[in-house]
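Colleague: Below is a structure I'd like to ask you about.
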């Protein structure tokens, strides 16, 4: 089971990358796409050139395309996903790239340094469900969105879990559920 983890914060030293590393550590075959290297043009200015992609763009597109399970991890900014995640969806949910989202299970994770994270994860589920339906993709969103609160009390900067039994149990439950759904989905497609 190949997993792509989109670490959707472009800020340096962000907590989203901690969460993405922790998730990646739970999977046997995973890749993290770190949005600190983000360089997509704004959707209203230009499209991603199919024949002239940057290293980040190539990694982003190839990693999503090769994955069975896509974990989209976003911090919560004013109750929304990051502008970079939204722009990524705008750029890739079009004719030239929509195929990379086919045959996927998409799981969402919201991150907060404080007490938040739920809203951007739920909003992403809605957006991906609309994309799946509109483009008639054979994909699905996971019904289990995960919210990570008080990140620095749960995960160190290298993505290793701290001694927080409640959080560790929740992360394990999310990972196990996501893998189970993805395996079942791929067996039946």
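Colleague: Find all pairs meeting these conditions: Cβ atoms under 7 angstrom apart; at least six residues apart or on different chains; first residue within region 74-87 and on the phi < 0 side of the Ramachandran plot and free of Cβ contacts under 8 Å to residues at least 60 places away in the same chain; second residue crowded, with 23+ Cβ neighbours inside 10 Å and not in a helix (DSSP H, G or I).
Modeller: These pairs meet every condition: 76/110; 76/111; 76/117.
Colleague: Mind counting the residues in region 51-61 that are surrounded by 13 or more Cβ atoms within 10 Å (Cβ to Cβ) and either farther than 25 Å from residue 22 by Cβ or without any contact (Cβ under 8 Å) to a residue 24 or more places away in the chain (or both)? I'd like the intermediate steps shown before the answer.
Modeller: Filtering region 51-61 down to residues surrounded by 13 or more Cβ atoms within 10 Å (Cβ to Cβ) leaves 53-54, 56-57, 59-61.
In the following step, the residues that additionally are either farther than 25 Å from residue 22 by Cβ or without any contact (Cβ under 8 Å) to a residue 24 or more places away in the chain (or both) were identified as 53-54, 56-57.
Matching residues across region 51-61 total 4.
Colleague: Taking the criterion of being part of a helix (DSSP H, G or I) and under 15 Å from the mean Cα position of the chain (by Cα), would at least one residue in region 43-55 satisfy it?
Modeller: Start the filter on region 43-55 by keeping residues that are part of a helix (DSSP H, G or I), which leaves 55.
If we keep only those that are under 15 Å from the mean Cα position of the chain (by Cα) too, we end up with none.
Within region 43-55, not a single residue is part of a helix (DSSP H, G or I) and under 15 Å from the mean Cα position of the chain (by Cα).
Colleague: Assigned to a strand (DSSP E or B), over 20 Å from residue 11 (Cα atoms) and without any contact (Cβ under 8 Å) to a residue 60 or more places away in the chain - does that describe any residue in region 171-188?
Modeller: Residues of region 171-188 that are assigned to a strand (DSSP E or B), as a first pass: none.
No.
Colleague: Part of a strand (DSSP E or B), over 24 Å from residue 157 (Cβ atoms), touching a residue at least 24 places away in the same chain (Cβ under 8 Å) and under 15 Å from the mean Cα position of the chain (by Cα), is that true of residue 70?
Modeller: Numbers: part of a strand (DSSP E or B): yes; over 24 Å from residue 157 (Cβ atoms): yes; touching a residue at least 24 places away in the same chain (Cβ under 8 Å): yes; under 15 Å from the mean Cα position of the chain (by Cα): yes.
Considered against the rule, which asks whether it is part of a strand (DSSP E or B), over 24 Å from residue 157 (Cβ atoms), touching a residue at least 24 places away in the same chain (Cβ under 8 Å) and under 15 Å from the mean Cα position of the chain (by Cα), residue 70 comes out as yes.
Colleague: While we're here: Being in contact with a strand residue (DSSP E or B) (Cβ under 8 Å, 6 or more places away or on another chain), surrounded by fewer than 21 Cβ atoms within 10 Å (Cβ to Cβ) and closer than 19 Å to residue 135 by Cα: is that true of residue 29 here?
Modeller: Values: in contact with a strand residue (DSSP E or B) (Cβ under 8 Å, 6 or more places away or on another chain): yes; surrounded by fewer than 21 Cβ atoms within 10 Å (Cβ to Cβ): yes; closer than 19 Å to residue 135 by Cα: no.
Criteria not met by residue 29.
Colleague: Of everything in region 107-127 that's under 24 Å from residue 27 (Cβ atoms) and part of a loop (DSSP other than H, G, I, E, B), which residue is modelled with the lowest pLDDT?
Modeller: Checking each candidate, the answer is 117.
Colleague: Related question: Can you go through 64, 48 and tell me which one is farther than 15 Å from residue 6 by Cα, surrounded by 20 or more Cβ atoms within 10 Å (Cβ to Cβ), touching a helix residue (DSSP H, G or I) at 6+ places or on another chain (Cβ under 7 Å) and touching a residue at least 40 places away in the same chain (Cβ under 8 Å)?
Modeller: On the way: 64 fails: farther than 15 Å from residue 6 by Cα.
After ruling out the rest, the residue left standing is 48.
Colleague: Now, a different point. If the Cβ limit is 6 Å and pairs must be 6+ apart or interchain, which residue in region 143-163 that is closer than 21 Å to residue 79 by Cα pairs with which residue that is part of a strand (DSSP E or B)?
Modeller: Taking only residues 6 or more apart or on different chains, the pairs are 145/108; 146/109; 147/110; 148/111.
The values are calculated or read from the model by the stated rules, or taken from the named source; none is laboratory data. Since the structure is predicted, the reported quantities are computational estimates derived from the model, not experimental observations. Glycine also receives a Cβ, built like all others from the backbone with ideal geometry; neighbour counts cover every protein chain displayed.
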